[in-house]
Amino acid sequence: MKIHEYQGKELLRKYGVPVPRGIVARSPEEAYHAAKELGGDVVVVKAQIHAGGRGKGGGVKLARSADEAREIAQKMLGMNLVTHQTGPEGREVRVLLIEEGLPIDKEFYLGIVLDRATGRQVFMASSAGGMDIEEVAAKTPEKILKETIDPAIGFQSFQARKLAFGLGLPPALVNQAVKFMQSLYSAYEQMDASLMEINPFLLTKDNRLIALDAKVNFDDNALFRHKEFLDLRDLNEEEPLEIEASKFDLNYIKPDGNIACMVNGAGLAMATMDIIKLAGGEPANFLDVGGGASQERVEAAFRILLADENVKAVLINIFGGIVRCDMVARGVVEAARNLKIEVPVVVRLEGTNVEEGQRVIRESGMNFTVATGMQDAAEKVVGLAA
C-alpha cells in the first residue's frame, strides 16, 4: 500500500526523523493561509500524487508570497500531472503540501528496501540526491552505497557511520546523520514498510539534516498489525480494477495488453506473462487467484478481467496442487455461464485430476480451447486474440 508524501512525513516525525514544517491544503484559500502561517521568504507548493518525478512534471513550485501560493494552488489543483511514473494518462492533483523553504546546501539519497537476492533488508545511500535512483543505478552505480542488515541485530551505528562518511558529510555532522538513519530504520521496521525513500536527504546551509521528501510503502501482508494505516489509503490514486480485486483477496495488476491471464500462484503468473510475450502477445494483467481457486473467486476474477475493454482473449493457467483440476474446471465453467463470456478462453490445466478437468472443459459447450502445455496455451491464446 502506498501513501502520500505528507502522510509519510507525519509518520516519520513520530520516530524522530527531521522533516520540514508543512501544512496540507485542498483549496487555493487553504494554500494561502498555510503560506501565511509558515511565514518566511519562500514556501514550496507540492502536488500530492502516488508517483515520483513531480518536479519535472510541474508539480513542485516555489512561492515567494502567500498570494503567489494561492495562484499556484489554483492552477495545480485539478491539473492532470504527468510524470515518468504515472504514464501518459497522468494523475489528477487533489491535495497539496505547502512547506517551508529551506536553505539547501547539498542533496543526497537514502533508501531502505528488501534485497531479494540476499533475503535481507539493505540500507542504500547516494551522493546523487534529487535524481531517480534507477537512473543513478544505470549510469553511475558506483555512487550507490549499500549496507546489508542482519535481521538478528538490526541496523548498527557503525553501518550508519560508514554510509555517512561515504556520502562525504562533514565529520561534525556524522553523529547527526547516524541518529537520522537509525530513526529511519526504526520507522521502516516497526511500521512493516516494504520501501522507504528519502530523496532528497537534505543538508542545509545551517548544518541540519532533513527529509525533504518521503516515500513510504507498506507491506500489505502486515497491515493486519497496523489497522491505523488503512485510513491512509487513497483510492483515487489506485486503478479501479485493482481496488475491486482487493475486495476478493485477488492479486491483480493491470499493464497494457489484450490477453487476460488467470493463474494460481505468483511465480506461475509471472511465467505465464513471460511466455505470452515470447509468443508475440501482450498480457493485459497479472492476476493470481491463489491456491484455492474456488468458483466464487474464479467468477470474481472473470468479472474483473472482462471489465478491461482491451481484452480480446483469456488464458487460464492452473496447476492443481492444493486444489484438484476437475474442481477448478467446474468452477470455470459455472463462472463462464453466469457471466456469459463471449471472448475466446484458452484453458491449460496440470496436476491432480488433470484428465477429468480437461474433460469437463471440453464437454462444457462453452467457447473454450484446451491447451496441453504452457507454450501450446500461449500460442493458441495469442492466435485467438489476433
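The values are calculated or read from the model by the stated rules, or taken from the named source; none is laboratory data. For clarity, every value in this text was computed on a predicted model and none was experimentally measured. Using ideal geometry, Cβ is built from the backbone for each residue, glycine included, and neighbour counts are taken over all protein chains shown. Each accessible area value is taken on the protein alone, full model and side chains, heavy atoms only, with ligands, DNA and RNA left out. Shrake-Rupley method; radii C 1.70, N 1.55, O 1.52, S 1.80 Å.
Some values worked out for this structure:
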| read-out | value |
| --- | --- |
| Scope the range 9-21; condition touching an Asp or Glu at 6+ places or on another chain (Cβ under 9 Å) and assigned to a helix (DSSP H, G or I); matching residues | K9 |
| In the range 196-240, the residues that are surrounded by fewer than 16 Cβ atoms within 10 Å (Cβ to Cβ) and in contact with a His (Cβ under 9 Å, 6 or more places away or on another chain) | E238 |
| Among the candidates V136, V113, V122, residue that is among the β-branched types (V, I, T), more than 20 Å from I49 (Cβ to Cβ) and modelled with pLDDT under 95 | V136 |
| Close pairs from the range 248-276: first farther than 8 Å from F286 by Cα and β-branched (V, I, T), partner open to solvent by 40 Å² or more (accessible area, probe 1.4 Å) and at pLDDT 90 or above, Cβ under 8 Å, at least 6 apart | I259/E282; I259/K312; T272/M374; I275/M374; I275/Q375; I276/E282 |
| Any hit, the range 367-384, residues being at pLDDT below 90, under 31 Å from the mean Cα position of the chain (by Cα) and surrounded by fewer than 20 Cβ atoms within 10 Å (Cβ to Cβ) | no |
| Considering residues of the range 308-330 that are under 14 Å from V370 (Cβ atoms) and not small (G, A, S) only, the residue farthest from the chain's Cα centre (by Cα) | D326 |
| The range 243-273, subset over 25 Å from D326 (Cα atoms), in a helix (DSSP H, G or I) and of a type outside the set (S, T, Y), residue least open to solvent (accessible area, probe 1.4 Å) | I243 |
| Checklist (1) hydrophobic (A, V, I, L, M, F, W, C); (2) in contact with a strand residue (DSSP E or B) (Cβ under 7 Å, 6 or more places away or on another chain); (3) under 20 Å from A25 (Cβ atoms) applied to L114, failing item | (3) |
| Residue ID - farthest from E68 (Cα to Cα), chosen from residues in the range 31-42 that are in contact (Cβ under 8 Å) with a residue 60 or more places away in the chain and touching a helix residue (DSSP H, G or I) at 6+ places or on another chain (Cβ under 8 Å) | A34 |
| In the range 308-326, residue nearest to I276 (Cα to Cα) [restricted to those that are among the aliphatic types (A, V, I, L, M) and either modelled with pLDDT of 85 or more or crowded, with 21+ Cβ neighbours inside 10 Å (or both)] | L315 |
| Qualifying residue in the range 204-213 (condition: assigned to a loop (DSSP other than H, G, I, E, B), out of contact with any Phe, Trp or Tyr (no Cβ under 9 Å at 6 or more places or on another chain) and among the basic types (K, R)) | yes |
| Residues of the range 175-222 that turn out to be under 25 Å from S246 (Cα atoms) and either within 14 Å of the chain's Cα centre (by Cα) or polar (S, T, N, Q) (or both), as a count | 12 |
